[in-house]
Amino acid sequence: MNVVSPDISVLEALVVFDISNASPLISITNQSTGPHLANVTWWVTVFSPSGTPIHTGSPTTPDEVGIWTNLTLTDAWPMPYNSIEFSGAPYTLSLFAQDSVGHVFELDKSASICRPTGNSQGSQNTYGIANVNVKVLCEQARIFFQDQTSVSYKGSSGVQTSSILKVVYPLDPTYTIPAPFQISSFSTAMVPISYSSSNYQFLAASTYSYDQGNNVSIVVKYQIIQTFAVLCNIDLMPLICEYQKLIDDVENGTCVDVNSATKKIMLINPKLALVVMGILQPLTGVDVPGLIDEIQKIGGFTCNCCTAATGVIPQNASVVDGYTFSINPICGDISGSVTQIGTNIQINLSDKSYVFNMGVVTGTTAFSITPAANGCLKTYSLNVSMTQLA
């Protein structure tokens with residue numbers, strides 16, 4: 001800026017419109033230069049797209065006096081229907097500086113704040129909607145999470161400033177809620193599980209900053225909070241057995257009514273596919289138990305598909321990279337070793353056998369050996385008949 005002032009040479013500021021919180025705020029970083037900034041009085045005005053005042057500083061009620069670096073405006077924004085005024089017209093901010101001789105200088109900034117991805121007219125907040133892929137891996141006793149959020153905003157991919165994944169466990173079989181699983185810098189994660197429930201819950205959130213040019217940025221949050229089911233207690237084998245039998249009957253012509261059996265297969269096929277997808281990817285919202293009941297009724301199957309449970313495989317019996325298997329003898333002479341062949345783990349155990357006998361033929365029955373076992377201890381006693389020995 002070209003000004004004639006004894007105190008300020010350049011009027012400039014970095015302005016951040018932050019809508020990543022429950023209450024939006026504006027952060028201003030002073031980048032002005034001059035020989036005597038301590039003599040300068042500063043104030044700010046901010047208006048929404050509809051012209052509604054958000055902040056109204058003035059020479060009589062200045063925001064800063066003298067040298068300053070950061071100023072955060074926490075004034076309430078207009079929030080019709082519990083959401084801010086999305087542009088339309090831009091939000092406007094003016095920074096005023098008055099020097100010691102009364103000259104007033106003005107710096108204008110503006111930002112068009114649009115709805116982030118997933119935010120709609122019915123949203124009750126300013127957040128975008130995160131997209132997370134969730135897969136239940138029963139055989140590994142884990143849940144796989146992957147962030148797949150579309151973070152494009154006004155044609156920009158932005159810069160991630162923070163992210164978090166938090167998984168809240170439901171009541172376990174001992175009526176205890178385990179400590180939540182939580183990581184920052186979330187991109188992908190493998191979360192351990194040990195029991196089934198329909199009440200697992202997770203929160204995934206990430207914050208991005210978007211440069212709008214002219215030293216203006218917009219900060220946006222994307223988040224999702226969702227409940228999902230871990231259904232590792234459902235064993236599909238009894239159902240598949242009945243289903244395979246129905247297919248064989250049609251193929252071999254052994255069923256009484258081929259047309260009826262074929263119709264059953266056509267009705268069951270899509271439902272069975274949904275069951276598999278619902279177990280693997282619980283966020284699809286598939287009602288797995290309900291569909292299994294429907295399949296049983298359509299096929300007239302007599303199996304109980306929910307009692308032959310395989311469950312979450314215990315981690316001490318799982319073949320999972322990073323786990324260490326070792327043999328720890330507690331007592332006795334048992335020893336062993338562990339051999340890994342690919343993904344197969346073999347535990348080799350061995351014991352020692354002891355024989356206690358009379359080494360030399362004595363020609364008498366005065367001596368005998370009696371074994372006795374007590375837990376891991378086995379005792380061999382040498383008995384001597386003094387009468388016969390005499």
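What longest range of the chain stays clear of loop-exposed chymotrypsin sites (Phe, Trp or Tyr not before Pro) (DSSP non-H/G/I/E/B, at most 14 other C-beta within 10 angstrom)?
Free of exposed loop sites, the longest segment is 1-174.
If we count trypsin sites (Lys or Arg not before Pro) as exposed when they sit in a DSSP loop and have at most 15 other beta carbons within 10 Å, what is the longest stretch of the chain that avoids them all?
In the chain, the maximal stretch lacking such sites is 155-351.
If you average the alpha carbon positions of the range 64-116 and of the range 245-287, how far apart do those two centres end up, in angstrom?
What the calculation gives is 62 Å, centre to centre.
For the charge dipole of the chain, defined by +1 on Lys and Arg C-beta atoms and -1 on Asp and Glu C-beta atoms about the Cα centroid, which residue among Phe186, Gln160, Tyr243 has the Cα displaced farthest towards the positive pole?
Most positive-ward Cα: Tyr243.
Please state the charge dipole magnitude for the chain, taken about the Cα centre, from unit charges on C-beta atoms (+1 on K and R, -1 on D and E), reported in debye and rounded to the nearest 20.
980
Quickly work out the Ser94-to-Thr56 label distance, labels modelled 7 Å from Cα along the C-beta direction, and quote it in nm with one decimal.
1.3
Enter the angle in degrees (range 0 to 90, nearest 10) between the Cα long axis of helix 258-280 and the first principal axis of the Cα atoms of the chain, meaning the one along which they spread out most.
70
Please build a GNM for the chain, connecting alpha carbons under 10 Å apart, and tell me which residue among Ala130, Ala204, Ala22 fluctuates the most.
So, out of Ala130, Ala204, Ala22, the one fluctuating most is Ala22.
Considering only Pro78, Pro282, Pro116, give the residue with the highest GNM mean-square fluctuation for the chain, with springs between Cα atoms whenever their separation is below 10 Å.
Ranking Pro78, Pro282, Pro116 by mean-square fluctuation puts Pro78 first.
For the chain, what is the accessible area per residue in Å², given a 1.4 Å probe and the full set of protein chains?
About 56 Å² of surface per residue is accessible.
Mind sorting out which of (i) 1.29; (ii) 0.96; (iii) 1.31 is the real Rg/Rh (Cα atoms, Kirkwood Rh) computed from the coordinates?
(i)
Return one number: the angle in degrees, 0 to 90 and rounded to the nearest 10, between the long axis of the Cα atoms of helix 237-252 and the longest principal axis of the Cα atoms of the chain.
Tilt relative to the chain: about 80 degrees.
Report, in degrees rounded to the nearest 10, the 0 to 90 angle that the Cα long axis of helix 288-299 makes with the longest principal axis of the chain.
60
The values are calculated or read from the model by the stated rules, or taken from the named source; none is laboratory data. Computed from a predicted model, the values in this text were never measured in an experiment. Every residue, glycine as well, gets a Cβ built from its backbone with ideal geometry; the counts of neighbours run over all protein chains shown. These area figures cover heavy atoms from the full protein model, side chains too; ligands, DNA and RNA do not enter into them. Shrake-Rupley method; radii C 1.70, N 1.55, O 1.52, S 1.80 Å.
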